[in-house]
Each structure stands twice: as structure tokens, then as C-alpha cells.
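Below you'll find the structure, written out as C-alpha cells, and then a few comments.
The values are calculated or read from the model by the stated rules, or taken from the named source; none is laboratory data. Computed from a predicted structure; not experimentally measured. When we count neighbours, we look across all protein chains shown, and the Cβ atoms used for this are built from the backbone with ideal geometry, even at glycine.
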């Protein structure tokens, strides 16, 4: 059924990298959600009212909310497909994230409302009538919701949409909630114990908790999150594949919607190379990333002196000293300003976010190590934080001059 709907209503459905195709997928999910949830709302509202079941009526209102959420998804994907303009030069794709947040808040508000009505039913109980018509309506709802969960999960994974994945989770929750209502109705009928209000509270709490989790999941992209490890490794590996690149660092990746990445990075090249040759290399890398990976990449060129034997020897000592502190650490942009009474060692140190020392503590430890090499050395250190741990980089390190220097991808600043 899912594949049939996709083939009929989504033109070029295999080209999921296209923004227009993603919009069609989102619109299909929205229309299907609106229609199916309105049907379920009507059925369960009528049955719940006829048989005086607050739990079934609450479940019906949940379906109505789901229909509203699908409408938000539909509008969100339509607006997200608008092209960039003067006021929004990076496009409108983040509207998809906003629609996901709205859907999540709908779920939270619904949960609070259902808790209120269910508690009222507990305090002022009224008999709940049971019939096979009520049971049949709930079973029908479970089947439809199960299909919705599978349908939305399939589309969400295909186009990598957090909004539609959130809708799939909500549909899955509805399956469990409706099943609980059905079990409570059967127990109440056969045992004479009225569990309607209590089960309404259970359903409401379940909805509320899932809504709170979804708020966090759908709002994270708006706050700015680190890129996927797989994407970082691909960027890292691809840049290192170009002859002439000695190391890379200070990678930042900003996402303005699914498939819309803007990135910047520092690339180290030999200072002895002709500047026009290095500039041409950088231009080629930026063009390749745009054409082959769809990433708007801006590269800052860092010339590295690889011919100074004294600097190379000192770099090797510093790298060894830093590695002794922790193999999770690395350095880059190493240079020395040699002086008569003292020399300044200037470099960046790469640190994972979960490192055991604070930045200040680490600076003190490294500075003491530098002083131990020679009391005339002054350390000028900048701390960078890696997107991914060095041991997880999975890419062989380049060599700067005669000494090996590690250059894992790091993050200086994130949105």
C-alpha cells in the first residue's frame, strides 16, 4: 500500500536528493495523515459518546490532534520548498524543523488536557458501557495506526525527515494507547471494576512523555547540532585525498535544512609551494564539494613551513609530549617565533568535548610540559574541540615534513 501511494503521488520518487521530490513526499504524508486521522476521530468520538467512555473519547481527540499535526506537516513541507530570497539567503528548509516542533507541542498540550479530563472521570465516575461495536472500532483504529506508523517511518527514513519520523513515533504511541484502552474496557466489562478514568490517565501520561521527548528531538536541529559522524568522516577523507593537502582542522558545518550544508575548514599546505598552485588546489576542492556532495565549502589556506629542521624537530617533541598526556589529543598550526632570550611556540590543541580536564587545566598541563622541554619556551595555545574523537576518525594521518602530525577534524565554533 505504501509503495503504491508513493509511485502514484510522488513523481520521480527515487530521486530523494531533490528538494522538490522531498516536498512531494512530505505533502503525501500530510494528506494521508489528515484523511486517516479524521476518519478515526469521527468513529471513536461517536462510539465513545454513545458508550460514555472518557478513555475512548480522549483517544478520539488524540486522533483529531494528529490530523492537525499532519496539516502542520503539510504546510511545513510546502513552505520549506520555497527558494532562497533576499531575506533568507540560505533558503526556507528549516521551516520543516519548525513544523516538527509544532507537532511535538500539539502532543504535549493534548496530554495535559487528557490528564485533566481523566482525573475528573476518576473523581466523578460514571458507568461505562461495553459493546462489541466499541471493541471493533478500537481494533480498527489499532490497525490503521499501525499502518500509519509503518508508512511514516518508511517515508521519514527515505527522505531523512525528523518531522515525519516524529509523526511515525506518535502513531506507534497511539497503537499502544488504543490497545490499553481496549484492554481496560474489556476488564471493566467482565470484572465490574471501572478502570476508564485510570486508563485515561495512563494514556494521557504516555502521550505527554512522548511529546516532551519529541520536543527535544525536533528542536535540536534549530539550536544547531554537530554534524553526523559519517558526514564528518566523508569530508575528512575527501579533502585528504587531494595531493598537496598536509592536514585539515577547524571544520565547521552548518545545516539549513535537510541536505543543505554550509561548511568551512582550514587546509594546511606547504609554504614553499607556489601560492597560485595552492589557490588553484583550494578552488578545485571547493568546486568538487559543491558538485559531488552538495556542500557549500569555504576553505582557509594555512601555509606550513615543512623545511625548517629545527622547527620540525621541536614539533615532534611537542606532539610526543601531548600524546603522553592523552592519545585523544592532537595539535595543528604549529609554528615557532625564535628569539634570543625566549621563543614562542604557537599552536592549536585538539580536545574532545568529553575530555577529563577543562580547557584551562589542559593549557596549564601542556604549558608545564613545554617549559620542561626548555625553560626559554613560551606556549601560546588555542584549544579546539573535535566533532568526533580522534580514535574514531578512521582516516590515516598525513605527514608534515619529516615528522608525523595528526590533524583530526575539529570544531572551533558551531551555530
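Residues 236, 242: which one is outside the structural domain of residue 26 (by TED's automatic domain parsing), farther than 25 Å from residue 166 by Cα, in contact with a strand residue (DSSP E or B) (Cβ under 9 Å, 6 or more places away or on another chain) and surrounded by fewer than 15 Cβ atoms within 10 Å (Cβ to Cβ)? If you could, list the steps in order and put the result at the bottom.
Working: 236 fails: surrounded by fewer than 15 Cβ atoms within 10 Å (Cβ to Cβ).
Selected residue: 242, the only one of 236, 242 that is outside the structural domain of residue 26 (by TED's automatic domain parsing), farther than 25 Å from residue 166 by Cα, in contact with a strand residue (DSSP E or B) (Cβ under 9 Å, 6 or more places away or on another chain) and surrounded by fewer than 15 Cβ atoms within 10 Å (Cβ to Cβ).
Have a look at 145, 116 and point out the one that is under 30 Å from residue 5 (Cα atoms) and part of a helix (DSSP H, G or I). Every option except 145 fails the conditions. For region 248-263, a residue qualifies if it is buried (at least 17 other Cβ atoms within 10 Å of the Cβ) and on the phi > 0 side of the Ramachandran plot, and the qualifying residues are 250, 257. Candidates in region 207-233 are the residues that are crowded, with 17+ Cβ neighbours inside 10 Å and more than 19 Å from the chain's Cα centre (by Cα); of these, the one that is modelled with the highest pLDDT is 208. Scanning region 267-277 for residues that are farther than 14 Å from residue 242 by Cβ and at pLDDT 90 or above turns up 274, 275, 276.
Taking region 159-169, which residues are modelled with pLDDT of 80 or more and in a helix (DSSP H, G or I)? First the steps, then the outcome.
The initial filter retains those residues of region 159-169 that are modelled with pLDDT of 80 or more, namely 159-161, 164-165, 167-169.
Passing the criteria: 159, 164, 165, 167, 168, 169.
The set of residues from region 61-98 being under 21 Å from the mean Cα position of the chain (by Cα) and part of a loop (DSSP other than H, G, I, E, B) comprises 81, 90, 91, 92, 93, 94. Within the set 175, 202, 193, the sole residue that is surrounded by fewer than 16 Cβ atoms within 10 Å (Cβ to Cβ), more than 21 Å from the chain's Cα centre (by Cα) and farther than 23 Å from residue 290 by Cβ turns out to be 193.
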